[in-house]
Amino acid sequence: MGIRTGRQYIDSLRDGRQMWIDGELVTDVTTDRRFAAAAYTMAELYDMQHDPKLVERMTYPSPTSGERVGLSFIQPKTIDDLVRRREMVKTWMDATCGMFGRSPDFMNITLTGFASASDAFGQKDRKFSENIWNYYLYCRENDIAMTHTLINPQVDRSRPVEKQDKDLAAKIVKETDAGIVISGARMVSTLCAYSHDLLVMPSTYLANNEEARPYAFGFSVPVNAEGLRFVCRPSVIHDNPGSPMDYPLSSRLDETDAMVIFDNVLVPWERVFIHRDAEMCNGLYNRTGAMPQIMHQFSVKNLAKAEFMMATAFAMARSTKIDAHLHVQGMLAEMIQFSEFVRSCLRASEVDAKPNAQGIMTPAAMPLWTVRMMFPKMFIRMCEIIQTLGAGGLVAVPSYAELSGPIGKDVETYFQAANADSRYRIKLFRLAFDAAVSSFSGRQQLYERYYSGDPVRLAATLYDIYDKDTHVDRIVALLDDLEERRSDEDTALRFRPLLSAAE
C-alpha cells in the first residue's frame, strides 16, 4: 500500500471505534463537531506526502516493497539520515505550528526505535522479537497512525500498582490459545480519535515479583477492537464562534486525550511484544535506544513551536510599534534565545550521533535531555511574553465576525494599529489569544509539562545517568594541584603557566 492519501485516511477512520465524550458515544469521528476538524488536519498531513514538491522530503522507498513509505519510519544508518528525518518532521510540525505534538511521526519513530532493537524483545522468547519487527513492517507498509498509552490511572500514587486496594490498572487477566486478555484502564491516549492502532507499552518501573507480573506487558491492538473504549476529555473547540478566525488553532488542532478502558480485550499473540516480564519492561526505552530517537522527534516539534511563538510575538510587536522599546526588545530577544537554544541542541545531537550496537545512528542524548527538561519552562514563558505584549489588546480583541456585522465600520476604524489595518490586527490578536491565553493554550502548557514524563522523576533520572565522576575528579585533581603548588617554594613560577593559559 505505501503512503496513504488524505481521503484514504478519512475513510479508514469510519470503523465503529468507541469514542465517548460529553456523555455521548461517537463512532464516526469524521463527522462529529468535536473531532472532525482535527481528522481533516491529519488528512492534510497525509496528503503532503503525495505533494510532488514534498514527496522526496517526506518519503523514501520501502526496503521491502519498493513503494513510497513515510520517512519517519526510516532506520537511520547515517547522520544524513537523521537530518533527513528531522527535515521531514519539521515539515509536518511547521504545518501545525508545533501544536499537534502527537502527529503520526511521533509514534512512527517510537515504534521504529523499538523495532531497530527487536532482539532485545526476544531474550526469553524469540517470538516477541519477531512480533515487534513484523508489526513495524506492517505499520510502515500500510502507513498506520498510532496512539499509545503508558500510565496507570491515578488511584493511589503512594503505592505500586500491584499493592493498590482499588485494582483499576490494565492487567493480564488470562491467556488463551488466541492471545492474552486485558482488563482495566490506562491513560493518557493522545490522538486516539485519529489513530488506527493503540500501542500499549510500559513506562513506570515495576517490581520484579509475582504480584506485578500481570501488569508487565507490551502489545498493540486496533482502536476499534472489541471491548476497547476511550473516554475523552471535553473538547477545547468552541461551540459557537462568531468566525473560524476567532480560534484558528483550537478549531483544527485539538488532538484529544483519553482514558482507555479494556473490557476483556483479546490481544492476539502475534501482537504481544512483552508478556509478564517486569525485567523487560523496566528501562526499556534506554536499553533499546528508542529514547534518543523519540527525544530527537519531539525536539523538532519544540523547535517548530518555539519559532511559531516567536513569529507571533514579532508580528504583534511590529503591529503596534512596541518593538521600539528596549524592554520589549528584551522579551523578543528571549524568544530568539528559546528558538536558537532548541536548534543548537538538535544540531549537537546530530553532529555527536553514534551508531548503536545494531548499527542504527543514534542522536547524542544529553543535548536532547536538556531540551526535554528546559522546554516546558520555556513554553510557559513564551505564553507569558505574548500575554504581556498583547496586554489589554488581547482582552479586548473582538470576534472577526464583527467586521462584517452591523458595526463593521466602527470596528474597521477603531481596531487599527500603527502598522496594521483592523482585519489583520484582529486576525493576529485572535491567533495570539488562542496560542497563549485560551483553553487550547492551557492544555498545551499542561502537555509540555508532562507529555514526556513526570518532571521531578525525569530530573532525578537525568542526574542519575549523567557522568558526574569525571567532573568531580577534575575538582579533586585541581585541589590537589593547588595544594602542591602552595607548598612549593617557587609558587610564582609554578603559577605562571596556569595564568598564561587562562589569559
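The values are calculated or read from the model by the stated rules, or taken from the named source; none is laboratory data. A quick note: this is a predicted structure, and the numbers were derived from the prediction, not measured. No Cβ is skipped: glycine too gets one built from the backbone with ideal geometry, and neighbour counts run over all protein chains shown. SASA here: full protein model, heavy atoms, side chains in, ligands and nucleic acids out. Shrake-Rupley method; radii C 1.70, N 1.55, O 1.52, S 1.80 Å.
Whenever a residue of segment 1-17 is farther than 14 Å from N142 by Cα, it has no partner that is crowded, with 17+ Cβ neighbours inside 10 Å and modelled with pLDDT under 95 lying with C-beta atoms less than 9 angstrom away and at least six residues away or across chains.
Does T41 satisfy being open to solvent by 60 Å² or more (accessible area, probe 1.4 Å) and on the phi < 0 side of the Ramachandran plot?
Values: open to solvent by 60 Å² or more (accessible area, probe 1.4 Å): no; on the phi < 0 side of the Ramachandran plot: yes.
Criteria not met by T41.
Inside segment 258-280, residues that are touching a strand residue (DSSP E or B) at 6+ places or on another chain (Cβ under 6 Å), open to solvent by less than 30 Å² (accessible area, probe 1.4 Å) and outside any strand (DSSP E or B) make up a count of 1. Within segment 1-24, the set of residues being open to solvent by 80 Å² or more (accessible area, probe 1.4 Å) and not in a loop (DSSP other than H, G, I, E, B) comprises R7, Q8, W20, E24.
Scanning for something closer than 20 Å to N356 by Cα and in contact (Cβ under 8 Å) with a residue 60 or more places away in the chain, does segment 58-72 turn up at least one residue? Checking segment 58-72: at least one residue is closer than 20 Å to N356 by Cα and in contact (Cβ under 8 Å) with a residue 60 or more places away in the chain.
Taking first residues from segment 167-183 that are without any contact (Cβ under 8 Å) to a residue 12 or more places away in the chain and of a type outside the set (G, A, S) and partners that are assigned to a strand (DSSP E or B) and open to solvent by less than 60 Å² (accessible area, probe 1.4 Å), the Cβ contacts under 8 Å between residues at least 6 apart in sequence or on separate chains come to K174/I180; K174/V181; E175/V181.
With respect to N286, is the statement that it is open to solvent by 60 Å² or more (accessible area, probe 1.4 Å) and either in a loop (DSSP other than H, G, I, E, B) or at pLDDT 95 or above (or both) true? Steps first, please.
Values: open to solvent by 60 Å² or more (accessible area, probe 1.4 Å): yes; either in a loop (DSSP other than H, G, I, E, B) or at pLDDT 95 or above (or both): no.
Against the criterion (open to solvent by 60 Å² or more (accessible area, probe 1.4 Å) and either in a loop (DSSP other than H, G, I, E, B) or at pLDDT 95 or above (or both)), N286 does not qualify.
The set of residues from segment 229-261 being of a type in the set (A, V, I, L, M, F, W, C) and within 24 Å of the chain's Cα centre (by Cα) comprises F230, V231, C232, V236, I237, L249, L253, A258, M259, V260, I261. Being at pLDDT 95 or above, over 16 Å from the mean Cα position of the chain (by Cα) and closer than 24 Å to E350 by Cα is a property that does not hold for A391.
Going through (1) at negative phi; (2) open to solvent by less than 60 Å² (accessible area, probe 1.4 Å); (3) in contact (Cβ under 8 Å) with a residue 40 or more places away in the chain; (4) within 18 Å of the chain's Cα centre (by Cα) one by one, D94 falls short only on (2). With respect to the conditions (1) under 19 Å from the mean Cα position of the chain (by Cα); (2) open to solvent by less than 40 Å² (accessible area, probe 1.4 Å), N131 lacks only one, and its number is (1). Whenever a residue of segment 265-288 is on the phi > 0 side of the Ramachandran plot and touching a residue at least 24 places away in the same chain (Cβ under 8 Å), its partners that are open to solvent by 40 Å² or more (accessible area, probe 1.4 Å) and part of a helix (DSSP H, G or I), lying with C-beta atoms within less than 8 angstrom and at least six residues away or across chains, give the pairs R276/R213. Any chance you could count how many residues in segment 350-388 are within 30 Å of H327 (Cβ to Cβ) and open to solvent by 10 Å² or more (accessible area, probe 1.4 Å)? Matching residues across segment 350-388 total 11. For the residues S422, S399, S439, S404, the requirement of being open to solvent by 50 Å² or more (accessible area, probe 1.4 Å) and more than 27 Å from V188 (Cα to Cα) singles out S404. On the stretch given as segment 232-257, residues that are farther than 26 Å from K305 by Cα and either of a type in the set (G, A, S) or surrounded by 18 or more Cβ atoms within 10 Å (Cβ to Cβ) (or both) total 1. Of the numbered criteria (1) over 30 Å from Q337 (Cα atoms); (2) open to solvent by less than 50 Å² (accessible area, probe 1.4 Å); (3) among the aromatic types (F, W, Y), the one F429 fails is (1). Once segment 448-503 is narrowed to residues that are open to solvent by 60 Å² or more (accessible area, probe 1.4 Å) and among the polar types (S, T, N, Q), the residue that is modelled with the lowest pLDDT is S500. List every residue pair whose Cβ atoms sit under 9 Å apart, with the two residues 6 or more apart in sequence or on different chains, where the first one lies in segment 330-350 and is farther than 23 Å from Q293 by Cβ and among the β-branched types (V, I, T) and the second, anywhere, is in a helix (DSSP H, G or I) and open to solvent by less than 70 Å² (accessible area, probe 1.4 Å). Close Cβ pairs (under 9 Å, with a partner that is in a helix (DSSP H, G or I) and open to solvent by less than 70 Å² (accessible area, probe 1.4 Å)) amount to I336/M310. Filtered by the rule that a residue be surrounded by fewer than 17 Cβ atoms within 10 Å (Cβ to Cβ) and of a type outside the set (V, I, T), segment 169-186 gives K174, E175, D177, A178.
Please indicate, with yes or no, whether at least one residue in segment 198-216 is closer than 23 Å to S439 by Cβ and open to solvent by 50 Å² or more (accessible area, probe 1.4 Å).
We begin by selecting, within segment 198-216, every residue closer than 23 Å to S439 by Cβ; these are none.
So far as segment 198-216 goes, no, none of its residues is closer than 23 Å to S439 by Cβ and open to solvent by 50 Å² or more (accessible area, probe 1.4 Å).
Strands (runs of 3 or more DSSP E) wholly in segment 137-224 with at least 1 residues that are over 25 Å from E448 (Cα atoms) - which ones? Give the steps one after another, and end with the answer.
Values: elements: 146-149, 171-175, 179-186, 197-200, 217-222.
Ranges flagged: 171-175, 179-186, 217-222.
For segment 407-419, a residue qualifies if it is within 23 Å of A311 (Cβ to Cβ) and open to solvent by 30 Å² or more (accessible area, probe 1.4 Å), and the qualifying residues are F415, Q416, A418, N419.
This table checks each residue for (1) modelled with pLDDT of 95 or more; (2) of a type in the set (A, V, I, L, M, F, W, C); (3) touching a helix residue (DSSP H, G or I) at 6+ places or on another chain (Cβ under 8 Å); (4) over 18 Å from T190 (Cα atoms).
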residue	(1), (2), (3), (4)
R7	yes, no, yes, yes
E24	yes, no, no, yes
D81	yes, no, no, yes
G98	yes, no, yes, no
G101	no, no, yes, no
